[in-house]
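Data block below; observations after.
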Amino acid sequence: MLKLHGSSASQERVLFRGSHYSEAFARQATSLVAAVMMMALMLASVPTSAAEDVTDEVALTVSGAERQANKDGSIPAWDGGLQQPPRGWSPDRGYVDPFPTDRPLFVIDSKNIGDHRAKLSPGLQALVSGSGDVRLPVYQSRRTAAIPTWVTDVAKKEAANISLSGETILGRNQSTIPFLTPKSGVEVMWNHRLRYRGGVDEHDEFWYPVRGGKIHSKVGFRQRVAENSALDTPTPNGIAFVRGRFFTPPTLAHTEVIIHETLEASEDSRNWWVLNDAQKRLRRLSAAGYDDIPQGVEDLRTRDQSDAFNGSFNRYDWKLVGKKELIVPYNIFKLSDKRLAIEHVLGARSIKPDFMRYELHRVWVVEATLKPGMRHLYPKRTFYVDEDSWSVLLEDIYDSRGELWRVAVHGLTQFYDVQVPAYRVNIWHDLTNGAYLVAGLDIESKTVRKFATKASLADFLPTPAAAKNTKNKEGAK
């Protein structure tokens with residue numbers, strides 16, 4: 001059986017169409033919400049395998065999110081998330097939608113956006129207002145995020161020893177949620193950077209820059225990512241290790257990159273090497289991060305926007321604005337269907353709404369403002385971080401005049417067989433010219449995404465032996 005949860009369509013009407021439901025319907029909806037709240041209180045009193053924290057009389061989940069439903073039940077109580085695949089599922093099918101009968105409660109477009117602004121980030125408001133092509137189908141909220149118990153047990157065990165010195169994290173060993181009750185913007189963003197991603201993740205993905213409604217190019221990238229704790233020989237300050245190889249277009253094919261992400265809160269937080277078969281030369285990049293422009297993205301995102309945000313925090317002042325209930329991209333299972341043709345998925349200004357899903361969730365809001373004397377292409381940024389998975393779901397990017405310039409949308413999916421919340425798609429929009437970049441899609445890949453618990457550090461070292469090993473693995477696919 002699937003572990004399902006969520007609010008009903010009738011509950012949504014209470015929230016968004018309160019003046020149109022009957023008195024009898026109101027009584028029914030109120031009873032349902034009361035039942036949800038009572039269940040949340042009952043769950044809060046039941047011991048769990050990983051003890052929960054309580055702050056200001058709010059019961060938290062093992063990941064630090066608010067366990068209970070919101071006041072009207074439009075955001076349900078967390079009941080453990082989605083921890084099992086659909087019945088009859090097999091990995092070769094891809095991550096099929098476990099909610100195939102769900103239908104949008106309503107669709108936000110340029111005509112009705114005025115009714116929904118209070119639940120939308122400024123970036124999503126601008127996207128919808130600026131184009132009839134961008135619409136937001138809003139579904140019932142399902143808190144599917146779930147990670148293994150041993151991961152939350154480690155976070156609980158290490159929590160008392162972890163602290164910050166400026167932007168540097170101290171006292172952490174393997175925790176992927178160092179700050180279960182964050183008190184600052186940097187603490188929230190550390191939770192994002194260190195969040196659990198399945199140990200070892202190996203997959204192919206494609207990037208599509210779209211300009212003028214047409215695909216400008218296609219970039220294919222095969223990567224293997226290992227969390228430091230998954231290595232046979234973990235490093236003292238390691239976060240994650242990446243080995244990736246471009247396989248299309250011809251201008252990038254056979255170019256290999258090696259990345260070592262570290263806990264250092266400085267210009268040297270990332271070690272980066274590039275190996276090109278044609279040149280037969282391994283180069284270490286002296287400054288690979290911040291607002292560098294990566295290969296293949298057509299100037300539509302910066303280096304530190306990989307994985308929504310990564311790298312050092314030292315160029316910004318980070319302000320924790322608080323927590324809000326906002327409509328965000330969530331449970332994007334439809335884009336896992338490998339039968340889809342990419343030309344049918346990409347619209348003029350974004351991915352077509354038929355393949356997206358938005359839900360109401362609680363998010364942490366963090367503002368990043370460039371420090372005096374520091375340089376970055378983006379002087380100000382606002383991040384919206386999911387309370388359940390600690391994933392950045394949205395980013396609003398402002399230019400030097402303080403005007404909204406770019407909007408990033410990061411659609412989350414629960415990889416239910418391995419209990420990993422991870423991105424299904426990343427989209428960066430440029431509001432000034434209508435161009436956008438899509439990354440993370442694998443519908444054109446013939447390989448199956450693989451997760452593992454262990455990896456060898458030797459495979460991620462910038463050595464000829466490791467490079468040969470990577471090529472052999474690719475040839476076996």
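FYI, it's all coordinate maths here, none of it is from the lab. All values reported here derive from a predicted model rather than from experimental measurement. All Cβ positions, glycine included, derive from the backbone under ideal geometry; neighbour counts span all protein chains shown.
Quick notes on this one:
- DSSP-loop trypsin sites (Lys or Arg not before Pro) across segment 263-369, with at most 12 other Cβ within 10 angstrom: K280, R339
- Globularity index of segment 282-348, i.e. its alpha-carbon radius of gyration over 2.2 N^0.38 Å: 1.59
- Summed side-chain charge close to S229 - residues other than S229 whose Cβ falls under 15 Å, Lys, Arg +1, Asp, Glu -1: 0
- Kirkwood hydrodynamic radius of segment 309-431, Cα pairs, Å: 15.8
- Checking the cross-link pairs K71/K323; K214/K352; K111/K324 against a 20 Å limit on the alpha carbon distance flags K111/K324 as lying beyond it.
- Counted by neighbouring Cβ atoms within 10 Å, the residues Y330, Y95 run from fewest to most as Y95, Y330.
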